[in-house]
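The values are calculated or read from the model by the stated rules, or taken from the named source; none is laboratory data. Just so we're clear, the structure is a prediction, and the values are computed from it rather than from any experiment. So basically every Cβ, Gly included, is an ideal-geometry build from the backbone, and we count neighbours across all protein chains shown. Side chains are part of the model used for accessible areas, which takes the heavy atoms of the whole protein and leaves out ligands, DNA and RNA. Shrake-Rupley method; radii C 1.70, N 1.55, O 1.52, S 1.80 Å.
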Amino acid sequence: MSAPRGIQRAGRAIALLIALACAPISSAHQGAPLAEPEFVPPAPGTYTLHRIMAAPEGRVLGIDGRLQPLSRYTRDQITLLGFIYTTCTDPEGCPLAYRVFDALKEAIAATPSLHGKVRFVTLSFDPARDSPDVMRRYAGSRVAEKDGGLRWYFLTTGSARELMPLVEGFGQDIRITFDRSSARPRRELSHVLKVFLIDRMGDVREIYTSTFLYPRIVLNDIETLLMEEALKQSRAPAKK
């Protein structure tokens, strides 16, 4: 079965982005060009993404400093959520997630059928350093303006206490070490890159690590969830 025309357009947009090796706004996000998977991903709608778990609830801060429940950003649209910290320089870590999100943003903008149905969430797990102002600078021009039918939110938390229910609920591993080789010991963070695909009901349906975080795969999964929703709606009894 051939892919829908909208997905074909999105695939061409991703291929163009890869060919141009577009770099995001900060040098910390630069790296090798985004690779394509070494296998042919299954076509949207030809497979099922099973429910893994419910996205946890907690309190987060937007770049405006307002406290909001995380569920405001994980329901009613398909959500792609990734944990980061702004000082990460590992090319296979936070910068990779940023670049993949950036490529997907352009692909979704080129696909009108996806407009208004997907949001991105970048959530810091370093509240000690990543204040709302720091997250605003990290976001740059990608703050939550509706560009191409997609909103991209950059969030943090007010404290480690507010952060922990979120990282534990998502199963996001974080290790904190201290570099004592210099006169001033430095706190360092490390983590396994994970990006979460969340459906409109707030359920996690896929978890991507750096091994499988390819724009083409994520886009197919988003389209699969949308096709699943459309099928459920078509089978729902008509309201009297």
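Let me spell it out: the conditions are (1) modelled with pLDDT under 75; (2) over 26 Å from Glu223 (Cβ atoms), and Cys88 meets all of them except one. Which number is the exception?
The single condition Cys88 does not satisfy is (1).
Assuming Met164 fulfils every condition listed in (1) part of a helix (DSSP H, G or I); (2) more than 14 Å from Ala55 (Cβ to Cβ); (3) in contact (Cβ under 8 Å) with a residue 12 or more places away in the chain apart from one, which condition is it?
Among (1) part of a helix (DSSP H, G or I); (2) more than 14 Å from Ala55 (Cβ to Cβ); (3) in contact (Cβ under 8 Å) with a residue 12 or more places away in the chain, the lone unmet condition for Met164 is (3).
Being in contact (Cβ under 8 Å) with a residue 60 or more places away in the chain, crowded, with 22+ Cβ neighbours inside 10 Å and β-branched (Val, Ile, Thr): is that true of Ile84 here?
Taking the combined requirement at face value, the residue does not satisfy it.
At pLDDT 90 or above and open to solvent by 80 Å² or more (accessible area, probe 1.4 Å): is that true of Glu168 in this structure?
yes
With the structure loaded, tell me whether Ile63 is in contact with a helix residue (DSSP H, G or I) (Cβ under 7 Å, 6 or more places away or on another chain) and closer than 11 Å to Leu155 by Cβ or whether it fails that test.
yes
Collect the residues in segment 220-236 that are modelled with pLDDT of 95 or more and not charged (D, E, K, R), keeping them in residue-number order.
Asn220, Ile222, Thr224, Leu225, Leu226, Met227
Checking the structure you have, find out if any residue of segment 203-220 is open to solvent by 60 Å² or more (accessible area, probe 1.4 Å) and within 18 Å of Ile52 (Cα to Cα).
For segment 203-220, residues open to solvent by 60 Å² or more (accessible area, probe 1.4 Å) and within 18 Å of Ile52 (Cα to Cα): present.
Please enumerate the residues belonging to segment 43-75 that are under 16 Å from the mean Cα position of the chain (by Cα) and charged (D, E, K, R).
Arg72, Arg75 - these are the residues of segment 43-75 that are under 16 Å from the mean Cα position of the chain (by Cα) and charged (D, E, K, R).
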